[in-house]
Amino acid sequence: MNLENLTTSLCSLMSISGHESENYEELIALIGKYFDEYKTDAVGNHLFIKKAAKENAPTLLIDTHFDEIGLMVKEILEGGFLRVTSVGGIDPAIMQASEVVIYGKETICGIVCSTPPHLKSKDDREKLTAIDELLIDTGYPKEELEKIVRVGTPVGFAPIYKNLGKDKKYFVGKSLDNKACAAAAICGIVEAPREKLAANVALLLSCHEETVRIGGVAPAAFDLKPDYAVVIDVNLASVPGTDKCETVEMGKGISISISAIVDGHFTSLAEKLCSEKNISYVRCAAPSSTGTNTTCLSIVGEGIPVIDVGLPLKNMHTAVELVDITDARVLADFVREIALSEEIAEVYRNV
């Protein structure tokens with residue numbers, strides 16, 4: 001399975017928070033054949049299960065949220081302009097002049113308007129335009145636009161992907177948060193031989209993480225009742241000028257969070273597994289919260305032993321998020337090995 005191709009395909013499926021199920025058939029066509037069971041639930045989570053060959057195997061949950069940030073139409077204006085609001089955390093600094101896609105009755109393109117500096121006062125040049133004040137130019141007359149778009153229509157970044165660097169190892173585009181992790185997890189699960197699986201592996205492409213985090217992963221995990229779980233999400237990669245204590249270095253593999261909210265023993269076993277299998281990783285200090293689904297997942301039902309694993313990513317919550325494909329490959333290797341780990345499966349069997 002080609003990791004980069006799968007990442008591109010997953011990222012190209014629109015799944016702005018609240019709309020995770022709109023491309024479910026395309027998702028099934030893309031990855032369904034690699035799993036024994038798949039289903040979606042009432043809130044929009046997608047669950048894919050690969051069963052172990054042995055009977056009475058425990059269940060390992062791999063959570064990689066599937067929703068992405070975006071915008072929502074809140075007003076249609078004269079001249080074919082749209083006023084929008086954000087869905088998830090978007091920095092206004094990256095929005096002006098961005099190319100976007102409007103997912104109405106038809107899928108149409110738009111451009112976020114940018115006022116030239118010649119037309120701004122000195123004070124306005126130093127201010128950022130708030131998301132709610134931005135306009136999207138569609139090029140359509142209002143009466144035609146109203147036949148395609150209505151209030152509440154989702155708007156996303158244009159799905160444009162490219163590689164950077166001499167060896168093309170840096171992959172750039174929208175929605176790598178968190179579909180780069182989903183793609184790596186899928187590759188890892190597919191590469192784990194069924195006859196050697198230590199557990200039934202359930203991949204959860206969860207919803208609502210970018211908006212109301214407790215609304216997504218909780219019902220799916222409550223229904224599944226896994227014995228142990230791994231939350232995989234992108235992590236803030238270091239760039240010049242950032243605090244090393246709050247970021248992780250790209251090109252060093254995955255990150256493993258050390259936090260009050262994760263299962264300490266499980267974390268130690270994961271680190272041991274990485275050492276034994278030559279899987280490169282760095283420790284990430286997250287004292288009280290990892291900023292991921294980990295907090296919610298850990299307290300579902302009677303509690304689930306969970307660890308938090310990250311994939312370093314630059315330019316988070318933009319249209320040009322960037323990951324190192326070699327880091328993503330390490331993540332796929334980690335997922336494969338944790339699915340095959342009899343030692344970890346025995347520790348958390350029916351805990």
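When you scan the range 89-105, do you find a residue that is among the small types (Gly, Ala, Ser), modelled with pLDDT under 95 and within 19 Å of the chain's Cα centre (by Cα), even just one? Steps first, please.
So in the range 89-105, the residues among the small types (Gly, Ala, Ser) come out as 89, 93, 97-98, 104.
Those still in the list that are modelled with pLDDT under 95 too: 89, 93, 97-98.
Adding the requirement that they be within 19 Å of the chain's Cα centre (by Cα) leaves 89.
Yes: one or more hits.
Filtering the range 31-39 for residues that are of a type in the set (Ser, Thr, Tyr), farther than 20 Å from Asp223 by Cβ and in contact with an Asp or Glu (Cβ under 6 Å, 6 or more places away or on another chain) leaves an empty set.
Comparison of Cys296, Cys274 shows that the only residue that is under 30 Å from Thr40 (Cβ atoms) and either surrounded by 15 or more Cβ atoms within 10 Å (Cβ to Cβ) or not assigned by TED's automatic domain parsing to the domain that holds Val190 (or both) is Cys296.
Quick one: which residue in Val320, Val330 is in contact with a Gly (Cβ under 9 Å, 6 or more places away or on another chain) and either surrounded by fewer than 20 Cβ atoms within 10 Å (Cβ to Cβ) or outside the structural domain of Asn56 (by TED's automatic domain parsing) (or both)? Result of the check over Val320, Val330: Val320. Can you find a residue in the range 263-279 that is within 24 Å of Ser298 (Cβ to Cβ) and within 21 Å of the chain's Cα centre (by Cα)? Within the range 263-279 (the criterion being within 24 Å of Ser298 (Cβ to Cβ) and within 21 Å of the chain's Cα centre (by Cα)), the answer is no, since none of the residues qualifies.
Looking at the range 16-27, can you tell me whether even one residue there is of a type in the set (A, V, I, L, M, F, W, C) and either assigned to a loop (DSSP other than H, G, I, E, B) or farther than 20 Å from Val172 by Cα (or both)? Before the answer, list the steps.
Of the residues in the range 16-27, the ones of a type in the set (A, V, I, L, M, F, W, C) are 16, 27.
Restricting the remaining residues to those that are either assigned to a loop (DSSP other than H, G, I, E, B) or farther than 20 Å from Val172 by Cα (or both) gives 27.
Yes, because at least one residue in the range 16-27 is of a type in the set (A, V, I, L, M, F, W, C) and either assigned to a loop (DSSP other than H, G, I, E, B) or farther than 20 Å from Val172 by Cα (or both).
Could you list, in sequence order, the residues of the range 162-200 that are within 22 Å of Thr318 (Cα to Cα) and among the β-branched types (Val, Ile, Thr)?
Of the residues in the range 162-200, the ones within 22 Å of Thr318 (Cα to Cα) are 162-165, 168-184.
Selection gives Val172 alone.
Annotation note: of Thr292, Thr267, Thr326, the sole residue that is in contact with a strand residue (DSSP E or B) (Cβ under 8 Å, 6 or more places away or on another chain), assigned to a helix (DSSP H, G or I) and of a type in the set (S, T, N, Q) is Thr267. Only residues that are closer than 28 Å to His208 by Cβ, among the aliphatic types (A, V, I, L, M) and within 25 Å of the chain's Cα centre (by Cα) were counted in the range 136-179, giving 5. Only one entry of Ala192, Ala185 meets the criterion of being in the same structural domain as Tyr38 (by TED's automatic domain parsing) and either farther than 20 Å from Ile344 by Cβ or surrounded by 24 or more Cβ atoms within 10 Å (Cβ to Cβ) (or both), and that entry is Ala185. Exactly one residue out of Thr40, Thr59 is assigned by TED's automatic domain parsing to the domain that holds Ala332, within 24 Å of Val212 (Cα to Cα) and crowded, with 17+ Cβ neighbours inside 10 Å: that is Thr40. Cys207: of a type in the set (A, V, I, L, M, F, W, C) and surrounded by 23 or more Cβ atoms within 10 Å (Cβ to Cβ), yes or no? Answer is yes for this residue.
Residues in the range 248-270 that are without any contact (Cβ under 8 Å) to a residue 60 or more places away in the chain and either buried (at least 16 other Cβ atoms within 10 Å of the Cβ) or among the hydrophobic types (A, V, I, L, M, F, W, C) (or both): Ser255, Ile256, Ser257, Ile258, Ser259, Ala260, Ile261, Val262, Asp263, Thr267.
The values are calculated or read from the model by the stated rules, or taken from the named source; none is laboratory data. Remember, predicted model here, so these are calculated numbers, not experimental data. With ideal geometry, Cβ positions are generated from the backbone for all residues, glycine too; neighbour counts draw on all protein chains shown.
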